[in-house]
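Since the structure comes first, as structure tokens, the remarks are kept for the end.
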Amino acid sequence: MFTGSVSSLCSLSPLYLTYLDLSSNLLTGPLPDCWEKFKSLQVLNLAKNNLSGRLPKSLGNLRQIESLHLNNKNFSGTLPAWVGHNLHQLVILRLRENKFHGSIPTSLCNLTFLQVLDLFKNNITGKIPQCLSCIIALSNLKFPRKTIFYSTSAPVGFDSGQTRLFIDEAILAWKGKNREYGKILGLMTIIDLSCNHLSGEIPNSITTLVGLAGLNLSTNNITGFIPNNIGDMQMLESLDLSFNHLYGRMPLSGKIPESTQLQSFDSSTYVGNNGLCAPPLQNQCPEDGVSPTRSTERNDKDEDEFITLGFYVSMSLGFCAGFWAVCGTLVIKSSWRHAYFRFFHNMNDWICVGLVVLRARMKKRFQAQD
């Protein structure tokens with residue numbers, strides 16, 4: 001386990017180093033300002049240390065960087081705009097659990113390939129940028145997803161030409177629980193802005209992120225309605241809007257599984273928003289008037305009455321049709337009428353003769369037994 005400062009990195013000659021992972025150590029102090037020497041770096045993971053201070057501008061020279069993990073709890077300052085202006089290859093940006101303040105820079109919307117934006121638990125204020133819809137990897141289902149694999153030169157003791165393979169990993173927080181994403185992280189598309197001080201409304205443009213699988217806006221100061229067309233987010237599997245100041249009716253969002261339907265998410269998704277109403281919440285909307293339970297009972301009763309009435313109507317119509325099919329024919333056609341009554345007359349004679357014969361046989365049988 002490494003301890004102390006990371007300033008010694010400046011004395012290295014990294015050449016073509018593409019992967020640098022110093023996570024889960026006891027490194028302290030600020031980051032050195034010599035990252036222009038690491039221009040081939042594609043993965044930088046400094047998570048789970050005690051590093052502090054502002055992010056040095058030289059990090060903006062990592063133009064090949066695809067995965068940047070700086071969750072340390074002590075980085076501070078505003079979110080640097082150069083991230084969006086310079087780091088165009090970024091797929092994963094994780095600045096969670098730090099002390100960054102200020103608003104989310106709109107330059108992040110320039111990150112075409114961005115699939116994971118994790119700003120969980122900072123002091124970020126302001127509104128959610130409208131331009132997030134410009135992130136093509138999240139807004140275009142046909143845009144290819146990146147699974148991030150990296151190989152580096154073999155360490156001492158390995159045969160020449162042999163390489164080591166790294167798979168990018170991350171831990172993301174949902175519902176207060178940490179969920180680890182290993183091999184599938186590169187296929188995930190997630191925005192986590194939870195546990196900040198964001199305000200304003202949820203922008204309608206965010207619903208154009210049809211490739212987004214997870215959206216966490218919980219524990220902020222967001223107000224207003226949930227966008228009605230949020231059901232357009234076809235890939236959305238995890239949604240957390242809890243502990244904000246949202247209000248109004250839950251929007252209907254299409255049929256399952258054709259598109260997302262907010263009623264299919266657990267009610268804890270919306271907890272802490274006292275102004276929200278309608279299923280899956282228990283809160284009744286004022287304009288509904290009748291409680292859902294009573295309305296359901298009334299609908300069931302109306303359905304039963306309709307079934308009973310329909311039964312009697314169909315039975316009456318069937319009886320009338322059958323009766324007049326027989327009697328009407330006998331009234332109209334005389335030959336059929338004569339044949340009909342002749343049939344019953346003959347049947348009457350046959351039954352009478354049969355009864356007389358049966359009586360005679362029974363009488364003879366009893367006499368024989370005596």
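The numbers here are math on the coordinates, done by the rules we state, and not lab data. Note that this is a predicted model, so its numbers are computed, not measured. Note: ideal-geometry Cβ built from the backbone for every residue, glycine included; neighbour counts use all protein chains shown.
Numbers at a glance
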quantity	calculated
Dipole moment magnitude, nearest 20 debye, region 1-146 about Cα centre, only Lys, Arg, Asp, Glu C-beta charged	260 debye
Among the listed pairs Lys57/Lys99; Lys37/Lys121; Lys57/Lys142; Lys48/Lys142, those beyond 29 Å (Cα-Cα)	Lys37/Lys121; Lys57/Lys142; Lys48/Lys142
Residues Glu201, Glu66 arranged by fewest to most Cβ contacts within 10 Å	Glu201, Glu66
5 angstrom amide H check on Leu114, placed H, neighbours 5+ away	Ala137
Equivalent-ellipsoid semi-axes of region 97-137, from the Cα gyration tensor, Å, largest first	19, 12, 7
Cβ-Cβ FRET estimate between Ile136 and Val271, R0 fixed at 41 Å, reported to 0.05	0.80
Rounded to whole Å, sorted largest first: equivalent-ellipsoid semi-axes of region 1-149, Cα gyration tensor	25, 19, 13
Distance between modelled label sites at Trp350 and Leu317, nm, 7 Å Cα→Cβ extension	3.7 nm
Residue exposure sequence - Asp21, Asp118, Asp349 - by fewest surrounding Cβ within 10 Å	Asp349, Asp21, Asp118
Potential extension, Ala360-Tyr340 segment - 0.36 nm per residue separation minus Cα distance	4.1 nm
Residue order, fewest to most surrounding Cβ atoms within 10 angstrom, among Tyr247, Tyr19	Tyr247, Tyr19
